[in-house]
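The values are calculated or read from the model by the stated rules, or taken from the named source; none is laboratory data. It should be emphasised that the depicted structure is a prediction, and the values quoted were computed from it without experimental measurement. Glycine gets a Cβ as well: all are built from the backbone with ideal geometry, and neighbour counts include every protein chain shown.
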Amino acid sequence: MHQLDNRKLKILKAIIQNYLETGEPVGSRTISKFTDLNLSSATIRNEMSDLEDLGYILQPHTSAGRIPSDKGYRLYVDMLLMEKQKEVDDMKEILIEKADRLENILQQVAKLLALNTNYTTMVTTPQYRKKVKFVQLTEMDERQLLLVIVFERNIVKNKIINIATSLNKETVLKLNIILNTFLQGLDLTEINLPIISQIKDQAGENRTIVNDILDCIMQAVAEDDDFEIYTSGTTNILKYPELSDRDKASELLYTLEEKKMLTGIIQDKMEDEDVRGIQVYIGDETPVKTMKDCAVVTATYEIEEGVYGKVGIIGPKRMDYEKVVSTLQSLMVQLDDIFKNKT
């Protein structure tokens with residue numbers, strides 16, 4: 001980075017951002033409109049020539065604009081992370097305080113719901129809807145690739161991909177271009193089969209490697225970081241004869257104790273914005289098999305756009321649905337008020 005002055009860095013950043021948006025080589029006239037440098041096209045062309053000599057950008061065809069090289073992509077990612085590091089450091093104490101407060105709020109919500117309804121309750125910590133901001137593929141050695149995925153909110157994931165045959169720099173660059181062109185700005189619900197098919201078609205003979213790359217990206221998008229489920233009133237289910245049978249009760253208590261088994265309820269329809277209100281599951285409708293003799297009512301709370309979690313009430317099929325639904329609706333209003341005042 002010490003090779004580049006502030007002007008070159010701004011031009012390089014503008015080239016990469018414009019290329020990620022359009023997928024087309026970027027010319028000097030575009031950059032003159034895209035930056036706040038107020039430079040002439042001739043001056044920008046000279047700077048772009050220097051950037052090309054230094055290996056940060058490439059000119060795919062004579063008289064065409066420029067595209068980023070692997071070296072340029074790498075510098076862009078490093079700059080992106082460095083720019084945000086100071087913000088992270090400055091906000092660290094505030095974020096810790098907010099996280100502690102949020103944890104306490106959610107634990108209290110679970111306890112109060114259990115006391116108020118006399119059923120078992122669960123509350124999840126918020127999940128973040130991850131959108132792909134940038135993908136960088138780099139050769140580590142002849143048999144391994146490093147995949148760096150940068151999401152919005154500057155969440156970074158690194159994955160190692162083993163490959164059967166080595167790839168040359170041109171192929172790695174091509175794959176970087178393809179991946180960023182198709183995936184930038186997408187989340188898990190938007191990376192669908194038609195998009196995956198287009199990526200593979202563009203990759204040609206490298207379809208197999210792209211398939212492994214996409215698997216890693218999908219895995220990174222789906223990963224839940226620091227995800228918690230708080231439960232309360234677990235023994236309340238024993239108050240109902242139809243659930244107090246020894247085997248049934250044992251299965252239910254184990255499910256509630258092994259909280260990961262509850263993810264079927266939590267993840268079901270979470271990404272569908274049209275069904276984020278009250279959801280009622282009765283018997284076999286419940287995504288968790290051990291709860292086939294139960295009813296589960298859930299609601300989704302949202303802290304801010306793209307940041308949401310779930311509250312659930314578990315009881316017998318003859319639960320007081322009117323009271324449970326009313327309680328959850330009231331709770332959602334209260335949580336909305338708390339989170340608005342909190343941020």
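What about SER40, is it more than 21 Å from PHE134 (Cα to Cα) and touching a residue at least 12 places away in the same chain (Cβ under 8 Å)? Outline the logic, then answer.
Values: more than 21 Å from PHE134 (Cα to Cα): yes; touching a residue at least 12 places away in the same chain (Cβ under 8 Å): no.
No.
Residue check, ALA222 against (1) of a type in the set (Gly, Ala, Ser); (2) at pLDDT below 85; (3) crowded, with 16+ Cβ neighbours inside 10 Å, all met but one. Which one?
(3)
Between a residue in the stretch 195-211 that is in the same structural domain as GLN144 (by TED's automatic domain parsing) and in a helix (DSSP H, G or I) and any residue that is modelled with pLDDT under 90 and among the hydroxyl-bearing types (Ser, Thr, Tyr), which pairs come within a Cβ distance under 7 Å, given they are 6 or more apart or on different chains?
These pairs meet every condition: ASN206/THR171.
Checking ARG101 against (1) at pLDDT below 85; (2) closer than 30 Å to MET332 by Cα; (3) surrounded by 15 or more Cβ atoms within 10 Å (Cβ to Cβ): exactly one of these is not met. Which one?
(3)
When only residues in the stretch 134-164 that are over 21 Å from PRO68 (Cα atoms) and of a type in the set (A, V, I, L, M, F, W, C) count, which is surrounded by the most Cβ atoms within 10 Å (Cβ to Cβ)?
Applying the filter and picking the extreme gives ILE163.
Among the residues of the stretch 179-186, are any surrounded by fewer than 18 Cβ atoms within 10 Å (Cβ to Cβ), in contact with a helix residue (DSSP H, G or I) (Cβ under 7 Å, 6 or more places away or on another chain) and over 19 Å from THR22 (Cα atoms)?
The answer is no; no qualifying residue exists.
For the stretch 1-56, please list each of the helices (runs of 4 or more DSSP H) lying entirely inside it that holds at least 1 residues being within 15 Å of ARG74 (Cβ to Cβ) and out of contact with any Phe, Trp or Tyr (no Cβ under 6 Å at 6 or more places or on another chain).
6-22, 41-53
Per-residue answers, yes or no, for (1) under 19 Å from TYR230 (Cα atoms); (2) at pLDDT below 70:
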position: THR255; (1), (2): yes, no
position: MET270; (1), (2): yes, yes
position: ARG276; (1), (2): no, yes
position: MET291; (1), (2): yes, no
position: ALA295; (1), (2): yes, no
position: ILE303; (1), (2): yes, no
position: TYR321; (1), (2): no, no
position: THR327; (1), (2): yes, no
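Here are the criteria: (1) under 20 Å from the mean Cα position of the chain (by Cα); (2) in a helix (DSSP H, G or I); (3) of a type outside the set (Val, Ile, Thr). Tell me which single one GLU170 does not satisfy.
(1)
Filter the stretch 200-258 down to the residues that are aliphatic (A, V, I, L, M) and under 20 Å from ILE314 (Cα atoms) and list them by number.
ILE229, ILE237, LEU238, LEU243, ALA249, LEU252, LEU253, LEU256 - these are the residues of the stretch 200-258 that are aliphatic (A, V, I, L, M) and under 20 Å from ILE314 (Cα atoms).
Condition first: under 30 Å from GLY233 (Cα atoms) and either in a loop (DSSP other than H, G, I, E, B) or β-branched (Val, Ile, Thr) (or both). Now tell me which residues in the stretch 109-167 satisfy that.
VAL109, THR117, ASN118, TYR119, THR120, THR121, VAL123, THR124, THR125, PRO126, ARG129
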